[in-house]
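Here's the structure, in structure tokens; my notes come after.
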Amino acid sequence: MPTSDDGFIWSVDSIEPTYRDLKAALAAPQLADIIDRDKVFLLGFSQGALHAMLVGARHPNEFAGVVSISPGGALADQLAVPKLNVAAGKSRLFFVHAKSEPHAPYVIIWRDAYQRAGWAFDSATHDGGHHFPESWDTMRPEVAKFLLSR
């Protein structure tokens, strides 16, 4: 959500403001001729990863997939019970987390939910803690291959 000093802050109550902002950005006339709407993927880190996961799960027909790197933040309790909108379509999720983060149970929960829904899921870990993976350059081809495989 925009702030009074031209900044941005994530909603701590809902992902819907994020979803509305994404839809508005993708509907911008400047992007009409250059974006393939079937190939829009969400990628986020920390709170952005959390919002990307939740938006992708609830609006799978509008995004081709999600890369979630170390999701966390104000709505992190929603990681424990994935709410997939299976009736709206299918999605793909690549879940990345650090070995020293407590995300392993969430990876299993989301993997199982995606598999039950018939959605594509993959995951990877990296060394360290809650930071963007230093190994991202070597991970990126694997992530891209997963996202673009149909």
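The values are calculated or read from the model by the stated rules, or taken from the named source; none is laboratory data. This is a predicted model, so every value here is computed, not measured. Please note: Cβ atoms are built from the backbone with ideal geometry, for glycine as well, and neighbour counts cover all protein chains shown.
One table, with the values for the structure above:
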quantity: Residues being β-branched (Val, Ile, Thr) and surrounded by fewer than 10 Cβ atoms within 10 Å (Cβ to Cβ) - total across the range 1-11; calculated: 1
quantity: Failed item in (1) in contact with a Ser or Thr (Cβ under 9 Å, 6 or more places away or on another chain); (2) of a type in the set (A, V, I, L, M); (3) buried (at least 19 other Cβ atoms within 10 Å of the Cβ), with VAL67 passing the rest; calculated: (1)
quantity: Selection from the range 57-71 of residues that are outside any strand (DSSP E or B) and closer than 16 Å to ILE108 by Cα; calculated: ALA57, SER70, PRO71
quantity: Qualifying positions in the range 80-119 - closer than 19 Å to LYS39 by Cβ and out of contact with any helix residue (DSSP H, G or I) (no Cβ under 7 Å at 6 or more places or on another chain); calculated: TRP119
quantity: Failed item in (1) of a type in the set (A, V, I, L, M, F, W, C); (2) within 14 Å of the chain's Cα centre (by Cα); (3) at pLDDT 95 or above, with ALA117 passing the rest; calculated: (2)
quantity: Every residue from the range 87-118 that is within 21 Å of HIS130 (Cβ to Cβ) and not in a helix (DSSP H, G or I); calculated: LEU93, PHE94, PHE95, VAL96, HIS97, ALA98, LYS99, SER100, GLU101, PRO102, HIS103
quantity: In the range 119-147, residue farthest from VAL86 (Cα to Cα) [restricted to those that are touching a residue at least 40 places away in the same chain (Cβ under 8 Å) and part of a helix (DSSP H, G or I)]; calculated: MET139
quantity: Within the range 12-54, considering residues that are among the polar types (S, T, N, Q) and surrounded by fewer than 18 Cβ atoms within 10 Å (Cβ to Cβ), the one modelled with the lowest pLDDT; calculated: SER14
quantity: Selection from the range 82-99 of residues that are out of contact with any strand residue (DSSP E or B) (no Cβ under 8 Å at 6 or more places or on another chain), in contact (Cβ under 8 Å) with a residue 24 or more places away in the chain and on the phi < 0 side of the Ramachandran plot; calculated: PRO82, LYS83, LEU84, ASN85, VAL86, ALA88
quantity: Hits in the range 73-97 (condition: buried (at least 19 other Cβ atoms within 10 Å of the Cβ) and over 17 Å from ALA113 (Cα atoms)); calculated: LEU75, HIS97
quantity: Criterion: touching a helix residue (DSSP H, G or I) at 6+ places or on another chain (Cβ under 7 Å) and more than 18 Å from LEU79 (Cβ to Cβ) - qualifying residue of PRO133, PRO141; calculated: PRO133
quantity: Among (1) more than 13 Å from the chain's Cα centre (by Cα); (2) at pLDDT below 95; (3) not small (Gly, Ala, Ser), the one test that ASN85 misses; calculated: (2)
quantity: The listed residue being within 11 Å of the chain's Cα centre (by Cα) and either part of a helix (DSSP H, G or I) or of a type in the set (S, T, N, Q) (or both), out of LEU42, LEU54; calculated: LEU54
